[in-house]
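Asks: Below you'll find the structure I mean.
The values are calculated or read from the model by the stated rules, or taken from the named source; none is laboratory data. This is a predicted model, so every value here is computed, not measured. Glycine also receives a Cβ, built like all others from the backbone with ideal geometry; neighbour counts cover every protein chain displayed. To get the accessible areas, we keep the full protein, side chains included, count just its heavy atoms, and leave off ligands, DNA and RNA. Shrake-Rupley method; radii C 1.70, N 1.55, O 1.52, S 1.80 Å.
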Amino acid sequence: MPQFDLHEIAFPTLTDDQIAKLGGCTGTAVSTHAPGDVLVHVGDRDFKFFVIRSGEVEILDQTGNRPVTIAIHGRGEFTGDVSHLTGTPAIFTAVALSDCEVYAISGDLLRQVINQCPDLGDIILRAFMSRRQLVRESGTFTGLRVIGSRFSPDTFRIRDFLAKNLVLFTWVDLEANPDVDQLLKHFGVSEGETPIVACSEHFLRNPTNRQLADAAGIRKPIEQTVYDLAVVGAGPAGLAAAVYGASEGLNTVILERTARAGRPALACASRTTSGFQPA
């Protein structure tokens with residue numbers, strides 16, 4: 001059985017021909033950035049996909065107590081992960097380390113590349129999926145912090161909701177984590193006020209699922225338009241029906257109230273809208 005290097009898949013280097021083809025597919029001109037310029041802030045919505053033509057871009061995790069370097073991209077490498085396809089906020093910050101030349105590609109143009117340039121699209125999609133897997137397996141990425149007791153039903157509800165929606169988070173167990181008292185003091189709350197969900201300096205006390213969805217940036221209101229096909233439920237059958245409907249040219253909406261399953265697949269179906277309205 002062939003062995004795959006997940007890190008190599010996650011961080012490929014495009015050839016000069018592939019970079020030129022990517023620029024041709026999108027019609028995007030090269031832009032320049034000086035050292036220290038922030039290309040993407042953690043939490044940004046509709047952030048751009050950057051392909052580095054020259055220079056270096058540092059990728060930082062700023063969701064914890066201090067910034068942590070995740071990767072440094074050089075010539076031929078690119079930023080981003082599955083957040084581009086799911087429409088969720090950026091989980092990393094991208095900063096120019098040196099004078100850089102980059103192609104800055106919007107989310108709509110990126111989906112166009114994936115649909116119309118399958119060779120490049122395959123490299124990008126596999127990189128995005130592998131990067132998210134590496135982050136999940138690293139044990140060092142913070143994301144949202146859920147601080148609560150293992151015996152609390154609300155702590156379980158929050159963790160279950162975030163896990164089902166593939167939101168990256170760290171659980172701080174009141175009964176087991178040695179740093180919990182320091183964290184509670186930092187946020188100015190007592191054990192009786194938990195569970196809380198924290199990101200950087202902001203936190204929510206025992207949030208509802210709707211509040212969680214808003215905080216994580218995963219709730220998407222439905223557009224006020226006429227749809228040809230509405231599918232209720234994003235399980236295997238509902239997801240298949242929505243993708244097939246969109247592939248036949250129908251303006252399709254899929255509605256789900258618990259978890260946003262199949263978003264990368266839906267993002268590649270150009271006439272499909274995914275509406276997510278948690279209770």
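Asks: If you check G121 against the conditions, is it assigned to a loop (DSSP other than H, G, I, E, B) and over 15 Å from the mean Cα position of the chain (by Cα)?
Replies: no
Asks: Still on this structure: Residues in the stretch 205-229 that are at pLDDT below 90, more than 20 Å from the chain's Cα centre (by Cα) and open to solvent by 60 Å² or more (accessible area, probe 1.4 Å): how many?
Replies: Total meeting the criteria: 4.
Asks: Regarding A127, is this residue closer than 22 Å to F169 by Cα, in a strand (DSSP E or B) and open to solvent by less than 10 Å² (accessible area, probe 1.4 Å)?
Replies: In short, no.
Asks: Taking I59 as the residue in question, decide whether it is of a type in the set (A, V, I, L, M, F, W, C) and either under 22 Å from R136 (Cα atoms) or in contact with a Pro (Cβ under 9 Å, 6 or more places away or on another chain) (or both).
Replies: yes
Asks: Select from the stretch 182-200 the residues that are over 17 Å from R157 (Cα atoms) and open to solvent by less than 60 Å² (accessible area, probe 1.4 Å) and write down the one among them that is modelled with the lowest pLDDT.
Replies: Only one residue fits best here, namely S200.
Asks: Name every residue in the stretch 57-72 that is part of a strand (DSSP E or B) and among the polar types (S, T, N, Q), in order of residue number.
Replies: Across the stretch 57-72, the qualifying residue is only T69.
Asks: Starting from residues that are at pLDDT 90 or above and among the hydrophobic types (A, V, I, L, M, F, W, C), keep the ones in the stretch 96-109 and report whichever is farthest from K21 (Cα to Cα).
Replies: L97
Asks: Among the residues of the stretch 37-45, is there at least one that is more than 26 Å from G139 (Cβ to Cβ), touching a residue at least 24 places away in the same chain (Cβ under 8 Å) and under 13 Å from the mean Cα position of the chain (by Cα)?
Replies: Yes.
Asks: Counting just the residues of the stretch 20-56 that are assigned to a loop (DSSP other than H, G, I, E, B) and touching an Asp or Glu at 6+ places or on another chain (Cβ under 7 Å), which one comes out most open to solvent (accessible area, probe 1.4 Å)?
Replies: So the residue we want is P35.
Asks: Which of the residues spanning the stretch 62-81 are under 27 Å from R145 (Cα atoms) and buried (at least 21 other Cβ atoms within 10 Å of the Cβ)?
Replies: T63, T79, G80, D81
Asks: Checking K164 against (1) open to solvent by 60 Å² or more (accessible area, probe 1.4 Å); (2) within 27 Å of T258 (Cα to Cα); (3) free of Cβ contacts under 8 Å to residues at least 24 places away in the same chain, only one condition comes out false. Which one?
Replies: So the condition that K164 fails would be (3).
Asks: Also, quick follow-up: Condition test on T170, is it among the hydroxyl-bearing types (S, T, Y) and either exposed (fewer than 14 other Cβ atoms within 10 Å of the Cβ) or over 23 Å from T140 (Cβ atoms) (or both)?
Replies: No, not satisfied.
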